[in-house]
Amino acid sequence: MSRTVIDLDFTFEAEIWEYQGKGSWHFVTLPVEMSDDIKVFTKHLARGFRSVRVKVTIGESVWLTSLFPSKEAGAYVLPIKAAVRKAEGLAKGDVTTIKISVAT
């Protein structure tokens, strides 16, 4: 029996935004179409809060984290750690290229 392999690696550009709640969390919002694809192909992998585990690369920084669904955006959002923003010279409002690989 042959097995179908689905590529769950994505590259996109997005603007960093700051959560207007408690703390100083920074995120990017994934494109809606990309989020829809991820949701369809990861239903069996979803964790708490319907999050999806991913490996992220921005510049030279690579780390593991999770995508979280956002009803407001109709897409997944990705937290960008302070250490990554500092290492890559990024701040709120900057547009950056992001590579994600869904952990299967």
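Here, each number is a calculation from the coordinates, and none is a lab measurement. Since this is a predicted model, take the numbers as computed values, not measurements. Virtual Cβ from ideal backbone geometry, glycine too; neighbours counted across all protein chains shown.
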Worksheet item: What's the local net charge at SER24, with K and R +1, D and E -1, over the other residues with C-beta under 14 Å away?
Response: +4
Response to the item:
Taking segment 9-102, the lysine pairs whose C-alpha atoms sit under 21 Å apart (8 or more places apart or on different chains) add up to 16
Worksheet item: What is the spin-label model distance, in nm, from LYS22 to VAL95 if the labels are put 7 Å beyond Cα along the C-beta direction?
Response: 3.5 nm
Response to the item:
Under a Gaussian network model of the chain whose springs join Cα atoms within less than 10 Å, the largest fluctuation of LYS39, LYS86, LYS22 belongs to LYS22
Worksheet, complete the sentence: Plugging the Cβ-Cβ distance of LYS71 and MET34 into 1/(1 + (r/R0)^6) at R0 = 22 Å yields, to the nearest 0.05, a FRET efficiency of 0.85
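What Kirkwood hydrodynamic radius, in Å, does the chain give when the mean of 1/r is taken over all pairs of distinct Cα atoms and then inverted? Can you show the working numbers first?
Details: mean 1/r = 0.0702 Å⁻¹.
One decimal place: 14.2 Å for the Kirkwood radius.
Rounded to the nearest 20 Debye, what is the dipole magnitude of segment 9-102 about its Cα centre when Lys and Arg each give +1 and Asp and Glu each give -1 at the C-beta? If you can, show how the numbers build up before the last one.
On the way: 13 positive and 11 negative charges, 111 e Å.
Taking the Cα centre of segment 9-102 as origin, the dipole is about 540 debye.
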